[in-house]
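Only one structure is covered here, and it is reproduced in the block below.
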Amino acid sequence: MNETRPIDRLDTGPRFTDHDAVRLNRMFRGSETEEWLRAVIEGNLVGDMAIVSSFGAESAVLLHLVSEIDHSIPVLFLETGKHFPETLAYRDELTDLLGLNRVDVYPDLADLQSRDETGLRWSYDPDGCCELRKVRPLEKALARFDASLTGRKAFQSSTRANLPRFEVDTSDAQGRLKVNPLIDWKAEDIAAYMSVHELPRHPLVERGFPSIGCSPCTRAVAPGEDPRAGRWSGWDKVECGIHKPGEEPFL
């Protein structure tokens, strides 16, 4: 394996710094997604990585892109216990179709029993529910990785509009890198890619769900609404906590 990296740092320090993210963004400025993503993966430029996937409305694109380069990269799926049955079926379909190395990540049973015994925490404390079922399990699962790949796109919401391709994960004190391969893709780019590669669509998309999370906290979106308007509708909440809204971009 090629261990050469573009970043000079001490092994005892953070994996990556803001300066490293800036350098990576500049290094691949103007490059097509397939080109720079292949360079990052095959050149081992960000160390051990995992994909974090919800197997949602547009997840097939990133999963296909990465599987075409290296299908052994772990795909972390947060099994919250609250997913739509359609999402679980779609997850299994894509896993088989793309030959994914999927790893299902579960909440801590003791945490659920002590803080969400009824399973209804989502109805009065959605932040607390996400913390139990998504944030904590993912932090534990990502602890051994140097970088995570996400499927975030700028067009999805105002909180994602200015995100860069590479950024330091603010939730990780050791400087894990967060990579956003699709951040500059438009909705029509996503649709075209899925069509060209004949990728199956999430069955809920046709029913008006352009963004799909856990079933109790996701509704269909009306024409003209923000694609993520159906997530935590009625709450002052736009992210589950895995991604922090308003993170400063490094260009």
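Name every residue in region 86-124 that is free of Cβ contacts under 8 Å to residues at least 40 places away in the same chain, more than 18 Å from Lys134 (Cβ to Cβ) and either open to solvent by 30 Å² or more (accessible area, probe 1.4 Å) or not β-branched (Val, Ile, Thr) (or both), in order of residue number.
Asp92, Asp96, Leu98, Gly99, Leu100, Asn101, Glu117, Thr118
Could you give every pair whose Cβ atoms fall below 9 Å, whose first residue belongs to region 198-213 and is open to solvent by 60 Å² or more (accessible area, probe 1.4 Å), and whose second residue is among the hydrophobic types (A, V, I, L, M, F, W, C), counting only separations of at least 6 or pairs across chains?
So the pair list comes out as Arg201/Ala57; Arg201/Ala60; Arg201/Met194; Pro203/Phe84; Pro203/Ala89; Arg207/Ala220.
Across region 115-140, which residue is nearest to Gln174 (Cα to Cα) among those that are in a helix (DSSP H, G or I) and touching a Gly at 6+ places or on another chain (Cβ under 8 Å)? Before you say what the answer is, go through the steps one by one.
Within region 115-140, the first condition is being in a helix (DSSP H, G or I), and the residues that meet it are 115, 121-123, 126-140.
With touching a Gly at 6+ places or on another chain (Cβ under 8 Å) added as a condition, the list becomes 115, 121, 127, 130-131, 133-135.
On the way: Arg115: 28, Arg121: 31, Asp127: 24, Cys130: 23, Glu131: 20, Arg133: 23, Lys134: 20, Val135: 17 Å.
Filtering first and then ranking leaves Val135.
Check Gly241 against each of (1) touching a helix residue (DSSP H, G or I) at 6+ places or on another chain (Cβ under 6 Å); (2) modelled with pLDDT under 90; (3) surrounded by 15 or more Cβ atoms within 10 Å (Cβ to Cβ); (4) on the phi < 0 side of the Ramachandran plot and name the one condition it does not meet.
The one condition Gly241 does not meet is (4).
Looking only at region 171-180, decide whether some residue is open to solvent by less than 10 Å² (accessible area, probe 1.4 Å), among the aliphatic types (A, V, I, L, M) and touching a residue at least 60 places away in the same chain (Cβ under 8 Å).
Looking through region 171-180, at least one residue is open to solvent by less than 10 Å² (accessible area, probe 1.4 Å), among the aliphatic types (A, V, I, L, M) and touching a residue at least 60 places away in the same chain (Cβ under 8 Å).
How many residues are touching a Gly at 6+ places or on another chain (Cβ under 9 Å) and at positive phi if we restrict to region 51-104?
The total comes to 1.
Considering only region 17-48, state which residues are closer than 30 Å to Ala89 by Cβ and crowded, with 22+ Cβ neighbours inside 10 Å.
Leu37
Working only within region 141-155, note down all residues that are surrounded by 15 or more Cβ atoms within 10 Å (Cβ to Cβ) and either of a type outside the set (Gly, Ala, Ser) or part of a helix (DSSP H, G or I) (or both).
Correct list: Ala141, Leu142, Phe145, Asp146, Leu149, Thr150, Arg152, Lys153, Ala154, Phe155.
Going through region 186-214 one residue at a time, which ones are modelled with pLDDT under 95 and hydroxyl-bearing (Ser, Thr, Tyr)?
Ser211
Could you go through region 66-85 and let me know if any residue there is within 11 Å of Pro200 (Cβ to Cβ), in a helix (DSSP H, G or I) and open to solvent by 10 Å² or more (accessible area, probe 1.4 Å). If you could, list the steps in order and put the result at the bottom.
First pass over region 66-85, keeping only residues within 11 Å of Pro200 (Cβ to Cβ): none.
Scanning region 66-85, I find no residue that is within 11 Å of Pro200 (Cβ to Cβ), in a helix (DSSP H, G or I) and open to solvent by 10 Å² or more (accessible area, probe 1.4 Å), so the answer is no.
Matching residues to (1) modelled with pLDDT of 95 or more; (2) under 23 Å from Arg228 (Cα atoms); (3) in contact with a helix residue (DSSP H, G or I) (Cβ under 8 Å, 6 or more places away or on another chain); (4) not hydrophobic (A, V, I, L, M, F, W, C):
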{"position": "Tyr106", "(1), (2), (3), (4)": "yes, no, yes, yes"}
{"position": "Cys130", "(1), (2), (3), (4)": "no, yes, no, no"}
{"position": "Ala147", "(1), (2), (3), (4)": "yes, no, no, no"}
{"position": "Phe155", "(1), (2), (3), (4)": "no, yes, yes, no"}
{"position": "Asp172", "(1), (2), (3), (4)": "no, no, yes, yes"}
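The values are calculated or read from the model by the stated rules, or taken from the named source; none is laboratory data. Please read these numbers as outputs of a predicted model, since none were measured by experiment. A quick note on method: Cβ atoms are made from the backbone with ideal geometry, for glycine too, and the neighbour counts reach across all protein chains shown. Surface accessibility is based on the protein's heavy atoms, side chains included, excluding ligands, DNA and RNA. Shrake-Rupley method; radii C 1.70, N 1.55, O 1.52, S 1.80 Å.
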